[in-house]
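The values are calculated or read from the model by the stated rules, or taken from the named source; none is laboratory data. All values derive from a computational prediction rather than experimental measurement. Surface accessibility is based on the protein's heavy atoms, side chains included, excluding ligands, DNA and RNA. Shrake-Rupley method; radii C 1.70, N 1.55, O 1.52, S 1.80 Å.
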Amino acid sequence: QNLRSADDFVYKHAISSAILTAMISHSLGLSPKQQEMVINAALLCGFGYIFVPRNIMEKGNELEKGEMDIVQQSLERGLFFLEPYTEAFDLIKNYIYQGNSFQKATTNNDEVLNLQCDILKVANHYDNITGMILGHTPESEIVAMKKLSEHPEEFNPVVVKALASCIHIIPEGASVDLSTGDKGIVLAENTNDYLKPLILRLSDNQLYDLSNPVISNHMHIIDIMKTMDNRIQIDEETLKHFSADVHIKEVADRFRKVLYNK
């Protein structure tokens with residue numbers, strides 16, 4: 001992630017969305033050709049943003065209905081310039097017309113094409129939510145994933161799950177806000193459920209494995225503590241004392257081995 005303005009949004013959004021698309025499509029096992037197609041689409045499908053008025057671009061995601069319509073019309077206008085130059089045009093067209101309630105995308109039963117559209121939708125929306133735009137505080141990765149997961153009718157749960165498996169949403173060393181009102185530091189990620197890592201709660205200096213139902217029933221992660229430029233906020237001195245050394249990793253492995261073998 002990097003800071004964006006109305007002047008460089010199109011380029012930075014295209015690159016970030018394409019990176020996410022590459023990871024998701026690979027995770028879902030698409031063929032190399034299918035992966036190449038959807039990555040090309042991710043790089044080009046936002047071309048029409050160059051036609052969006054600057055005052056609307058500077059508002060980020062806080063748009064009214066009329067402004068959203070202008071964005072949609074601009075994306076569709078961009079299709080005219082893309083058609084002669086990319087094999088991914090049909091995919092881009094289907095994806096963009098999903099946002100037009102009056103003009104439907106091409107009717108088809110192509111499961112791969114539909115999945116590619118779902119990948120584009122998740123990648124683009126996730127990047128828009130978490131992207132840093134001048135004058136606007138970005139949402140955290142946790143909040144973004146919750147928003148995607150809360151609307152399975154709009155965002156394919158299979159694609160959302162693949163995204164979660166590709167990125168470190170709550171990485172080791174992350175400082176987190178807990179539902180108990182305390183702060184904690186993630187000592188070991190949970191690859192099965194990113195919301196349930198092994199944490200050190202700073203108020204009592206104790207380890208808590210959130211994958212344990214007994215613990216997660218009264219304690220869970222609300223959000224990641226962030227600085228204004230979207231980097232994870234870490235107290236370096238604290239991290240030196242409580243990083244996941246060999247002993248802590250052994251404790252985490254023992255906790256999870258007992259839990260998963262039951």
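Derived value for region 134-219: Kirkwood hydrodynamic radius 14.1 Å. Basis is the mean of 1/r over every pair of different alpha-carbon atoms. Note on region 1-87: the C-alpha convex hull projects to 6.4 nm² when averaged across all orientations. Ignoring ligands, DNA and RNA, what percent of the accessible area of region 141-212 is carbon or sulfur (1.4 Å)? On region 141-212, the fraction of accessible area on carbon and sulfur atoms equals 48 percent.
For the set 90, 118, 209, the ranking by accessible area, highest first and with no ligand, DNA or RNA atoms included, is 90, 118, 209 under a 1.4 Å probe.
For residue 174, the amide hydrogen comes within under 5 Å of the amide hydrogens of 186, counting only partners 5 or more places away or on other chains and with H modelled in the peptide plane. Solvent-accessible area of residue 178, all protein chains in place: 10 Å² (probe radius 1.4 Å, heavy atoms, ligands and nucleic acids excluded). Rounded to whole numbers, the Karplus 3J(HN,Hα) couplings from phi for region 153-167 are 6, 9, 10, 3, x, 5, 6, 4, 5, 5, 4, 4, 7, 8, 10 Hz, using 6.51 cos²θ - 1.76 cosθ + 1.60 with θ = phi - 60°, and x at Gly and Pro.
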